Amino acid sequence: MKRNMDQWTKELLEAPIKKAVPVLSFPSIQLLGITVKDLINDSDLQARGMKAVADRTNAGAAVSLMDLSLEAECFGAPIRFSDDEVPTVTGPVISTEVEEDERMEQAEALAVPEIGAGRTQIYIDAIEKVMGMIEDRPVFAGVIGPFSLAGRLLDVTQSLIYCYEEPDMVHVVLEKCTEFITKYINAYKAVGANGVVIAEPLAGLLSPALAQEFSGDYSKRIVEAVRDENFAVIFHNCGNTANITLDSMFSNGANAYHFGNAVDMAEIMEKAPADIICMGNVDPAGEFRNGTPESIRAKTLEVMEKCCSHKNFVISSGCDIPPLSSWDNIDAFFNAVDEFYSK
């Protein structure tokens, strides 16, 4: 369903009672009685899973899978799959075992994949299918951010070092990542998605200056290329330096910003301009996956009590909710949100 997402953003900012917008997709495997492997390889199951989550919750948006292996797989990265965990990248595409010159040659030779490579067409088809199934809230696709993708192609730890020692090579890889991510988002846009969540967690480990150079500038190019009045961008950074790289994040022009539980959400809200929507940050592992209904209720209310005095705050999970998180805990989160606003 086509929506004016600039209007959605404005209404969300102004609403006195705001629906939660957690990153909630993989736990749909429990509702469908399937495995993660099943879900990531079948567009029908992905669409049905999003619909099942929408039917069970009153979330303010439907959010697709935050699968940060997908784009790296298209570039040739090896991936580990399992039945009950999100896929992960197990090795780089650009070798860490060669000399600097050869590494630059590998970066320059790196081919930008076509859209449809790997599992991308499955995920695009899933969004196209679900657009006819969910009409009462916006539907967001999910992609990885530019530096987080580059880090998976270069090796996550080494990529942080390369920013200092081989910055030109990192920029070559980032150019190709940015081109691919932009094309990928536009493919989602073409099948009707109302927006996209760009997950850029690795940028949350960079200093402010490096965050701007290696993430902020590229993220801004992506947002400017895809955002319009009918297509919104939520930018996610769950790193522990997000609180000191806000200028870089906010400069990219997204509709809203999403934070992980590695930072103090109250501190973020104090620093954020009042007209910029910020979402977060109940611990997905500690609470949704390993907590209890009682503990997640307490934590959700605690975050809301600290942050809801700011009209630009929207309660959410701190990151993607793990696949085997108890639905009792997920239900308790939504119940706590309702409890807070009923006071």
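When the Karplus curve 6.51 cos²θ - 1.76 cosθ + 1.60 is applied with θ = phi - 60°, which whole-Hz ³J(HN,Hα) does each residue of segment 284-296 get, with x for Gly and Pro?
Running phi through 6.51 cos²θ - 1.76 cosθ + 1.60 with θ = phi - 60° gives x, 7, x, 10, 4, 8, 10, x, 10, x, 5, 6, 6 Hz.
What number, in nm² with one decimal, is the all-direction average of the projected area of the convex hull of the alpha-carbon atoms of the chain?
Seen from a random direction, the Cα hull of the chain projects 15.1 nm² on average.
To the nearest 20 Debye, how big is the dipole of the chain about its Cα centre, given +1 on the beta carbon of each Lys and Arg and -1 on that of each Asp and Glu?
I would put it at about 1320 debye.
Taking amide H positions as placed 1.01 Å from N in the peptide plane, with prolines and chain starts having none, which residues 5 or more places from V233, or on another chain, fall under 5 Å of its amide H?
Those qualifying (amide H under 5 Å, at least 5 residues apart or on another chain) are V196, N255, A256.
At 1.4 Å probe size, with the rest of the protein present, what percent of the exposed accessible area of segment 140-250 is carbon and sulfur atoms?
Reported share for carbon and sulfur atoms: 51 percent.
Here is the link list: K10/K183; K2/K343; K271/K299; K183/K271; K271/K343. Which ones come out longer than 24 Å on Cα distance?
In this structure, K10/K183; K2/K343; K183/K271; K271/K343 exceed 24 Å between Cα atoms.
Say each of E294 and E100 gets a label point 7 Å from the Cα, pointing the same way as Cα to Cβ; how far apart are those two points in nm?
5.8 nm
So what is the relative contact order of the chain, in percent, for Cα pairs below 8 Å that sit 6 or more residues apart?
21 percent
Under the definition of Cα pairs under 8 Å and six or more residues apart, what whole-number percent is the relative contact order of segment 32-113?
25 percent
Which of the listed residues, V223, M131, P273, is farthest toward the dipole's positive end in the chain, when Lys, Arg count +1 and Asp, Glu count -1 at the beta-carbon?
M131
At R0 = 45 Å, how high is the FRET efficiency between R56 and E108 if r is their beta carbon distance? Nearest 0.05 is fine.
The calculated FRET efficiency here is 0.40.
Quick one: Karplus J couplings for segment 74-84, per residue in order, coefficients 6.51, -1.76, 1.60, θ = phi - 60°, nearest Hz, x for Gly and Pro?
Couplings: 4, 7, x, 6, x, 10, 9, 10, 8, 6, 10 Hz.
Show that you can apply the helix-only estimate: for the chain, add -39,500 (n - 2.57) for every DSSP H stretch of four or more residues, divide by all residues, and state [θ] at 222 nm to the nearest 500.
-13500 deg cm²/dmol
How big is the dipole moment of segment 78-156 about its Cα centre under a simple scheme where the beta carbon of each Lys and Arg is +1, that of each Asp and Glu is -1, and everything else is neutral? Debye, nearest 20, please.
Computed about the Cα centre, the dipole is about 400 debye.
Given Cα pairs under 8 Å that are at least 6 residues apart, what percent is the relative contact order of segment 244-343?
This gives 31 percent for segment 244-343.
Where only protein heavy atoms count, and the probe is 1.4 Å, what is the accessible area per residue for the chain in Å²?
38 Å²
Give the carbon-plus-sulfur fraction of the accessible surface of segment 23-104 in %, rounded to a whole number; probe 1.4 Å, heavy atoms of protein chains only.
Taking all protein chains in place, segment 23-104 shows 41 percent carbon and sulfur surface.
Tell me which of V197, L153, S82 sits at the most positive position along the dipole axis of the chain, charges placed on C-beta atoms (Lys, Arg +1; Asp, Glu -1).
Farthest towards the positive pole: V197.
In whole percent, and with a 1.4 Å probe on the protein chains, what portion of the accessible area of segment 273-339 is carbon and sulfur?
Exposed carbon and sulfur together represent 49 percent of the surface.
So what J values fall out for segment 330-340 if you push phi through Karplus, 6.51 cos²θ - 1.76 cosθ + 1.60 with θ = phi - 60°, rounded to Hz, Gly and Pro as x?
5, 4, 5, 4, 5, 5, 5, 4, 4, 4, 4
Among DSSP beta bridges whose residues both lie in the chain, state the antiparallel percentage, nearest 5.
Here the antiparallel bridges make up roughly 10 percent for the chain.
The values are calculated or read from the model by the stated rules, or taken from the named source; none is laboratory data. Source: prediction; values computed, not measured. Counting neighbours? That spans all protein chains shown, and the Cβs are built from the backbone with ideal geometry, glycine included. These accessible areas exclude ligands, DNA and RNA; they are computed on the full protein's heavy atoms, side chains included. Shrake-Rupley method; radii C 1.70, N 1.55, O 1.52, S 1.80 Å.
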